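Presented below is the structure to which this report refers.
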Amino acid sequence: MKLIVGITGASGVGLGLKFLNLLPQNIEVFCVISNSAKTALKYEENNPLPNNKNILFYDDESIGACIASGSFQTDAMIILPCSMNTLAKCSVGISDTLITRAFSVMLKEKRTVVLAPREMPFNTIHLENMTKLSNLGVIISPPMLGYYSNQQTLDEMENFIIGKWFDTLKIEHNLYKRWS
């Protein structure tokens, strides 16, 4: 599997890093971290970027990168967290960064795209943008906690959220206990 991961400048960028760290090593990952996300990382996280051989990092200004072309075959894309700025650009077709360009390519090629908007509460504009994107086939999957009794710690709750994203992307995992 070839997966594009966009990490944008919304609160919760650490969840994006954890997602990268939990991805199986057999998945080829093309990761773009926006400048705003890099700023947020300085405030929210002390964790370094993953140094996994299966992850290639690209600068968000590198519009000529392979993932900016529909002829480069990828299976899916996830933007997490997805800032409301990025969500708005995606909803109106603005492709001024590598993340939004890769999104536009994925949309036109009708490939799987997941957006994890990180805002609360949503205003009407946010909801309209999400509705428009959902109607275009984009999967809207915000990081919503599951309050199951077997999830007691923040780490377990984050694993549940990441596991749900893995489910959506058809990535096998054992990050949470399934109902039997």
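Odds and ends about this structure:
- Counting residues in segment 91-103 that are surrounded by fewer than 21 Cβ atoms within 10 Å (Cβ to Cβ) and among the basic types (Lys, Arg) gives zero.
- Beta carbons closer than 6 Å, at least 6 apart along the sequence or on distinct chains, pair a first residue in segment 44-60 that is at pLDDT 95 or above with a second that is part of a loop (DSSP other than H, G, I, E, B) and surrounded by 14 or more Cβ atoms within 10 Å (Cβ to Cβ) for 58/65; 60/34; 60/97.
- Across segment 111-127, the number of residues qualifying as closer than 27 Å to residue 160 by Cα and in contact (Cβ under 8 Å) with a residue 24 or more places away in the chain comes to 10.
- Each residue in segment 26-45 was checked for being among the aliphatic types (A, V, I, L, M) and assigned to a helix (DSSP H, G or I), and 3 of them qualify.
- When residues of segment 134-160 are limited to those that are hydrophobic (A, V, I, L, M, F, W, C), outside any strand (DSSP E or B) and at pLDDT 95 or above, the one farthest from residue 76 (Cα to Cα): 136
- Count of segment 46-70 residues, restricted to those that are within 14 Å of residue 5 (Cβ to Cβ), out of contact with any Phe, Trp or Tyr (no Cβ under 8 Å at 6 or more places or on another chain) and part of a loop (DSSP other than H, G, I, E, B), is 4.
- Residue 152 being exposed (fewer than 13 other Cβ atoms within 10 Å of the Cβ), farther than 20 Å from residue 9 by Cβ and either in contact with a strand residue (DSSP E or B) (Cβ under 6 Å, 6 or more places away or on another chain) or touching a residue at least 40 places away in the same chain (Cβ under 8 Å) (or both): no
- Condition met for residue 106 (of a type in the set (A, V, I, L, M), within 15 Å of the chain's Cα centre (by Cα), more than 24 Å from residue 25 (Cα to Cα) and not in a loop (DSSP other than H, G, I, E, B)): no
- Contacts under 8 angstrom Cβ, first residue in segment 86-110 being closer than 15 Å to residue 33 by Cβ, partner acidic (Asp, Glu), 6 or more apart: 97/60; 97/61; 98/59; 98/60; 98/61; 99/60
- Some residue of segment 11-20 being touching a residue at least 12 places away in the same chain (Cβ under 8 Å), surrounded by 20 or more Cβ atoms within 10 Å (Cβ to Cβ) and assigned to a strand (DSSP E or B): no
- Check on residue 92, hydrophobic (A, V, I, L, M, F, W, C) and under 22 Å from residue 21 (Cα atoms): no
- Selected residue (criterion: farthest from the chain's Cα centre (by Cα)) from residues of segment 1-10 that are of a type in the set (Val, Ile, Thr) and in a strand (DSSP E or B): 4
The values are calculated or read from the model by the stated rules, or taken from the named source; none is laboratory data. Keep in mind that what you see is a predicted model, and the values were worked out from it rather than measured. A quick note on method: Cβ atoms are made from the backbone with ideal geometry, for glycine too, and the neighbour counts reach across all protein chains shown.
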